[in-house]
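The structure under discussion appears below in the form of structure tokens.
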Amino acid sequence: MKEKSGDMDGAMADYKKSVEVDPDFYDGNFYTGALMLDRAREILADLNALPDDEWEKKSEAMGKEADNYYKESIPYFTKVLEIRPENTDVMEILFQVHTRLKNTEEADKYNKKLIELKGPNWMEGGM
């Protein structure tokens with residue numbers, strides 16, 4: 001309800017609490033990770049909307065802030081995948097996050113698994 005009303009901080013706190021109470025709670029892990037990705041994307045969208053001179057001044061700090069949210073999302077999505085190991089949507093999320101963070105070894109691991117499950121053209125949505 002907090003998320004629907006726009007209280008993202010409250011929603012994040014509630015989702016984190018749900019995972020503390022039950023570390024295997026799929027929705028709590030998924031939505032905590034998803035909110036972190038949303039925050040990272042918002043930061044990057046704000047950064048990209050800045051005029052060039054402001055972008056130059058703020059790009060490093062805002063990029064690091066976004067990357068921190070990406071990093072924080074990893075354990076939540078990893079747990080989701082542990083709970084449902086064949087969830088290719090979450091594998092794609094982890095592939096994208098690790099690619100963004102230049103964690104090449106981890107990105108390659110998810111790419112190989114996605115190729116195995118969805119075929120060599122998984123990025124294009126084909127088999």
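Based on C-alpha pairs under 8 angstrom that are at least 6 apart in sequence, segment 70-127 has a relative contact order of 25 percent. So how far, in whole Å, is the C-alpha centre of segment 62-100 from the one of segment 7-59? Result: 12 Å between the Cα centres. Computed over the chain, the per-residue total of -39500 (n - 2.57) for DSSP H runs of n ≥ 4 gives a 222 nm mean residue ellipticity of -26000 deg cm²/dmol, rounded to 500. Each peptide in 24-31, 90-97, 53-60 was scored by the mean count of other Cβ atoms within 10 Å over its residues; highest first, the order is 90-97, 24-31, 53-60. Karplus-based coupling profile of segment 97-104, in residue order and whole Hz: 5, 5, 5, 4, 8, 6, 8, 4, with θ = phi - 60° in 6.51 cos²θ - 1.76 cosθ + 1.60 and x standing for Gly or Pro. The mean accessible area for residues of the chain, using a 1.4 Å probe and ignoring ligands and nucleic acids, is 63 Å² per residue.
Look at (1) 21, 15, 13; (2) 35, 16, 15; (3) 26, 22, 12: the one that is semi-axes √(5λ) of the Cα gyration tensor in Å derived from this structure is (3).
Here the accessible area of the chain is 51 percent carbon and sulfur, with a 1.4 angstrom probe and all protein chains present. Computed from backbone phi with θ = phi - 60° and the Karplus coefficients 6.51, -1.76 and 1.60, the 3J(HN,Hα) list for segment 113-118 is 5, 5, 4, 4, 8, 10 Hz; x is used for glycine and proline.
The values are calculated or read from the model by the stated rules, or taken from the named source; none is laboratory data. Since the structure is predicted, the reported quantities are computational estimates derived from the model, not experimental observations. Heads up, the Cβs are rebuilt from the backbone with ideal geometry, glycines too, and the neighbour counts pull from every protein chain shown. For accessibility, only protein heavy atoms count, side chains too; no ligands or nucleic acids. Shrake-Rupley method; radii C 1.70, N 1.55, O 1.52, S 1.80 Å.
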